[in-house]
1. Within region 45-93, take every residue that is small (Gly, Ala, Ser) and in a loop (DSSP other than H, G, I, E, B) and give me the one that is nearest to CYS182 (Cα to Cα).
2. Within region 262-306, can you find the residues that are exposed (fewer than 14 other Cβ atoms within 10 Å of the Cβ) and within 19 Å of ASN68 (Cβ to Cβ)?
3. In the list ALA100, ALA22, which residue meets the criterion of being assigned to a loop (DSSP other than H, G, I, E, B), among the hydrophobic types (A, V, I, L, M, F, W, C), touching a residue at least 12 places away in the same chain (Cβ under 8 Å) and crowded, with 18+ Cβ neighbours inside 10 Å?
4. Quick check: anything in region 5-21 over 20 Å from the mean Cα position of the chain (by Cα) and modelled with pLDDT of 95 or more?
5. The conditions are (1) outside any helix (DSSP H, G or I); (2) modelled with pLDDT of 95 or more; (3) not assigned by TED's automatic domain parsing to the domain that holds TYR180, and GLU273 fails exactly one of them. Which is it?
6. Residue check: is ARG268 part of a loop (DSSP other than H, G, I, E, B) and not aromatic (Phe, Trp, Tyr)?
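The values are calculated or read from the model by the stated rules, or taken from the named source; none is laboratory data. All figures in this text were calculated on a predicted structure; none of them were measured in a lab. Cβ atoms come from the backbone with ideal geometry, glycine included; neighbour counts cover every protein chain shown.
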Amino acid sequence: MQDIRWGSIGCGDVMEVKSGPALQNVVSSDLIGVMRRDGRLAEDFARRHGVEKWYDDATKLVNDPDINAIYIATPPDTHLEYTRMAAQAGKPVYVEKPMANSFAECQEMIQVCQNQGVPLFVAYYRRALPRFLKVKEIIKSGQLGIIKEVQVQLLQSAKEVDISGKSNWRVNPNIAGCGYFCDLGSHIFDLLQFLLGDISEASGNIDNTGKHYEAEDFVEAEFQFESGSKGSGIWNFNFDRDIDKTKIIGTRGEVEYTHFAEADVTVRSDRGEDHFEIPNPLHIQQPLVQLIVDEIRGVGKSPSTGVTAARTNWVMDRVLGRIGPT
């Protein structure tokens with residue numbers, strides 16, 4: 001396969017800057033079709049972004065013979081349905097995160113793609129960002145010694161949209177799987193497994209402290225990696241200020257970074273303290289999209305697949321108490 005000609009199911013906010021331009025800008029890739037149930041919005045996106053085709057029917061987009069790969073940019077509750085549709089059409093699938101609403105749905109997505117012989121990728125784009133590749137490099141260098149502990153804090157004040165009671169799919173468990181923990185915590189757990197290997201055990205406690213919506217707004221978790229390193233985390237979306245901080249602590253030093261805020265990577269060790277300022281690209285999915293395109297074309301390898309992403313859903317399901325230990 002030479003050029004990858006994408007069709008996107010969904011063209012909302014994530015497509016405007018994060019992913020849509022990335023699909024257009026990487027080498028041997030183009031975005032030639034978009035779909036949204038409200039055809040007027042699909043047409044508007046296509047016009048503004050120079051996309052050739054637009055649809056209000058996902059089946060028509062998937063079966064368009066000019067499109068040879070499908071990007072699914074919809075909320076998680078539809079990821080399994082659209083993955084089935086794309087795989088049965090024989091087209092590679094790139095799906096937004098979290099991969100699905102449960103680990104069980106992720107397994108179904110993997111199976112249908114395997115049965116149809118098409119690759120499955122998931123938009124955990126931090127695996128390809130220079131800032132986090134630097135963190136991985138620091139860990140692999142041995143500068144921190146043996147990794148013993150991970151500490152995660154993601155604390156945010158309540159959002160006005162939620163306080164006002166307006167509709168917000170990200171805190172509707174039927175659509176998003178849970179609340180902001182699924183939306184943001186998934187990025188954190190996926191990156192940690194990229195940096196340190198698979199998490200083999202996880203548990204947690206949840207609460208709804210603000211009562212602004214049905215989903216939980218407080219999660220505390222304990223987890224352990226296959227290497228034996230231990231981790232703990234707090235996610236609080238009804239806090240009085242914003243804190244975004246992760247520490248990976250070894251026997252000879254530690255590295256500290258943020259997942260979502262733009263900030264330096266800080267390393268403290270017996271060599272002293274070092275700071276690395278590594279900004280994110282404008283189109284934040286572009287490095288990962290390039291690797292995905294390369295793999296589809298047979299000239300590279302993506303670090304984020306259905307298999308790696310499903311493991312993240314397994315961890316979240318364990319923390320939320322949805323599945324028992326394996």
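1. Going through region 45-93, the residues small (Gly, Ala, Ser) turn out to be 46, 50, 58, 69, 73, 86-87, 89-90.
Those still in the list that are in a loop (DSSP other than H, G, I, E, B) too: 50, 73, 89-90.
Numbers: GLY50: 33, ALA73: 16, ALA89: 29, GLY90: 29 Å.
Once the filter is applied, the top-ranked residue is ALA73.
2. Those that are exposed (fewer than 14 other Cβ atoms within 10 Å of the Cβ) and within 19 Å of ASN68 (Cβ to Cβ): GLY298, VAL299, GLY300.
3. None of the others qualify; the one that does is ALA100.
4. Within region 5-21, the subset over 20 Å from the mean Cα position of the chain (by Cα) is 5.
Within this subset, residues satisfying the condition of being modelled with pLDDT of 95 or more are 5.
Yes; the residues of region 5-21 include at least one that is over 20 Å from the mean Cα position of the chain (by Cα) and modelled with pLDDT of 95 or more.
5. (3)
6. no
Table: residues versus (1) touching a residue at least 24 places away in the same chain (Cβ under 8 Å); (2) under 24 Å from ILE146 (Cβ atoms).
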{"site": "GLY231", "(1), (2)": "yes, yes"}
{"site": "ILE234", "(1), (2)": "yes, no"}
{"site": "PHE239", "(1), (2)": "yes, no"}
{"site": "ILE243", "(1), (2)": "yes, no"}
{"site": "ILE249", "(1), (2)": "yes, yes"}
{"site": "GLY253", "(1), (2)": "yes, yes"}
{"site": "ALA261", "(1), (2)": "no, no"}
{"site": "VAL265", "(1), (2)": "yes, yes"}
{"site": "ARG271", "(1), (2)": "yes, yes"}
